[in-house]
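Novice: Quick one: the structure is below, and I'll ask about it shortly.
FYI, it's all coordinate maths here, none of it is from the lab. Note that the coordinates shown come from a computational prediction; the quantities given were computed from them, not determined experimentally. Virtual Cβ from ideal backbone geometry, glycine too; neighbours counted across all protein chains shown.
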Amino acid sequence: MIKIVGVGDIMPGGLLTDSQNPCVNDDVLKLLLQGDVRCGTLECAFGNEPTYDEAKVADRGNVIYAKDADIRRLKELHVDIVSLANNHFFDLGAEGALHTIELLDKEGIQHCGAGRNLEEAGRPVVKEIQGKTVAFLGFCDTNYNHVFMCTYATENSPGVNPMRKKYVESEIRKYAELYDYVVVLAHWGVENVFCPSPSTVKMGDLMLAAGACLVLGSHPHSIQPVVNKRNKSIVYSMGNFLFPDRLIAPPKVTYYPTTPIDYSTLPVTDKYPLVDCVTLKILPYWARVGQIVESQLNKDSAVSNYRFTYLNKDNCLTLLNEKKSGEAEKKIKALSWLLKRGLYSTYITVHGKLSKFLRK
């Protein structure tokens, strides 16, 4: 039996930069170390003297990056594989993206989902575990309203691996014939909701039908349902994993001061506003709750179980306490039931708008 541990979005910088405090406690680390492989989404670029994506800044999008030294946090988490297929990987432009790839290679952290061209972006990470081969593929949603200003790879230019229906289907089928298992790291859907979008559900079904045994979702910054069905498993969103509070400078650019700064003197926000001065960006409660998912691959089946994590005020990952875990479970349990029984599309159609209970 192969154990894959999946986690959600990782941005290892922010207020953790230059901090000597750990980013994970022993309880969470123990769960991570139970896996044969640990994988997640690196939702940022690395750079010490960054050149921002000018188009994104001009359009006042969020620019998220970490300093080069912050890669140590991936080592602290024992992350083996990261997907780069996301809408913030090119926030420092092509130069920053390629620098990030080089840094990951130097540190021995494997990656999929982005590259110098489409062939490289689509190339899987392949791990041999217990005599079986497991291929990890990363894809990023192409719906502009979901991911906003994303750079997609072409035959001749760098970018992330696009989540286009026919391409996704053919890629998964190709690698399912070559390897024993295909695991997809999918960056998709609508942000800040507990309900996967109908397009996400359709794409997830296509991925499983094409030959993926396990799909691990990210991007919504919110936990979403986990479904084990017909010997396969899909997690629509594992929420944020390590996404610490950070400083932002006008208009919405991650900021690292060159001299010590008194955070208590700064304005604070838990939203995504345009700012006119350096501001402390604090993540709201549900953006601090994530799922650490253990998926067991055995013969021709995949089954996933999960625990909830919480990023505390010191930006250290802990397990969510029992009471709060019960509240989180209520948010996704009914949706999981509907999805498993094929009733989700009917539910969405009948209700029209998602119920207030299911929103963040």
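Novice: Taking the mean number of other Cβ atoms within 10 Å as a proxy for protection, how do you rank 220-226, 15-21 from highest to lowest?
Specialist: Sorting 220-226, 15-21 by mean packing, highest first, produces 220-226, 15-21.
Novice: Defining a contact as two alpha carbons under 8 Å apart and six or more residues distant in sequence, what relative contact order in percent does the range 201-352 show? Mind showing how you got there, number by number?
Specialist: On the way: 256 pairs, mean separation 33.0, N = 152.
Reported relative contact order: 22 percent.
Novice: Separate question: Counting C-alpha atoms alone, how compact is the range 257-347: give Rg to one decimal and Dmax as a whole number, in angstrom.
Specialist: Expressed in Å, the Cα Rg and Dmax of the range 257-347 come to 19.1, 57.
Novice: Now, a different point. Counting only helical runs of four or more DSSP H residues, what would the 222 nm mean residue ellipticity of the chain come to if each run contributes -39,500 (n - 2.57) and the total is spread over all its residues?
Specialist: Numbers: 10 runs with 95 residues, N = 360.
So the helix-based figure for the chain works out to -7500 deg cm²/dmol.
Novice: When the distances between all Cα atoms of the range 60-127 are binned every 10 Å from zero, what whole-number percent does each bin get?
Specialist: All Cα pairs, binned at 10 Å, distribute as 19, 56, 24, 1 percent.
Novice: Sorting W188, W286, W337 on the 10 Å Cβ count, fewest up front, what's the list? All intermediate terms of the calculation are to be shown ahead of the outcome.
Specialist: Values: W188 27, W286 20, W337 13.
Placing the least packed residue first, the sequence is W337, W286, W188.
Novice: Just want the ordering: M163, M11, M149, M1, from fewest to most Cβ atoms lying within 10 Å of their own Cβ.
Specialist: Values: M163 26, M11 23, M149 15, M1 11.
The most exposed by this proxy come first: M1, M149, M11, M163.
Novice: Here is a further query. Over all alpha-carbon pairs in the range 1-108, figure out the percentage whose distance exceeds 24 Å.
Specialist: On the way: 1481 of 5778 pairs.
That fraction is 26 percent.
Novice: Next question, about the same structure. Hey, which lysines would be in cross-link range of K330, C-alpha to C-alpha under 30 Å, not counting anything within fewer than 8 residues on its own chain?
Specialist: Within reach: K3, K30, K202, K229, K232, K271, K281, K313, K340, K353, K356, K360.
Novice: Roughly what % antiparallel, to the nearest 5, for the DSSP beta bridges in the chain?
Specialist: Working: 38 of 75 bridges.
So the antiparallel bridges amount to about 50 percent of the total.
Novice: Okay, moving on. For the range 247-291, what is the relative contact order in percent, using Cα pairs closer than 8 Å and at least 6 residues apart in sequence?
Specialist: On the way: 56 pairs, mean separation 18.9, N = 45.
Across the range 247-291, relative contact order equals 42 percent.
Novice: Relative contact order for the chain: what percent, with Cα pairs under 8 Å and sequence separation of 6 or more? If you can, show how the numbers build up before the last one.
Specialist: Details: 869 pairs, mean separation 66.1, N = 360.
Relative contact order here is 18 percent.
Novice: Alpha carbon centre of the range 272-289 versus the range 103-145: separation in Å?
Specialist: So the two Cα centres are separated by 30 Å.
Novice: Hey, got the dipole for the range 1-136? About the Cα centre, +1 on K and R Cβ, -1 on D and E Cβ, debye to the nearest 20?
Specialist: Numbers: 14 positive and 22 negative charges, 98 e Å.
The dipole magnitude comes to about 460 debye.
Novice: For K166, list the aspartates and glutamates whose Cα falls under 20 Å from its own Cα; do not include residues on the same chain fewer than 8 positions away.
Specialist: Answer for K166, where 20 Å is the Cα cut-off: E119, E120, D141, E155, E177, D205, listed by chain and number.
Novice: Shifting gears a bit: Counting only other residues whose beta carbon sits under 10 Å from that of P50, what net charge do I get with K and R as +1, D and E as -1? The partial results should precede the final answer.
Specialist: Working: positive: K67; negative: E49, D53, D91, E95.
Net charge around P50: -3.
Novice: A further question on this structure: Taking each pair of distinct Cα atoms in the chain once, what is the resulting Kirkwood hydrodynamic radius in Å? Walk me through the numbers on the way to the answer.
Specialist: Values: mean 1/r = 0.0493 Å⁻¹.
Computed over Cα pairs of the chain, the Kirkwood hydrodynamic radius comes out at 20.3 Å.
Novice: What distance in nm lies between label points placed 7 Å from Cα along the C-beta direction at I129 and L29?
Specialist: Between I129 and L29, the label points sit 2.1 nm apart.
Novice: Any idea how far apart K3 and R60 come out in nm if each label point goes 7 Å out from Cα toward Cβ?
Specialist: Calculated label separation equals 4.8 nm.
Novice: What does DSSP give for the range 85-183 in terms of the percent of beta bridges that are antiparallel, rounded to the nearest 5?
Specialist: 55
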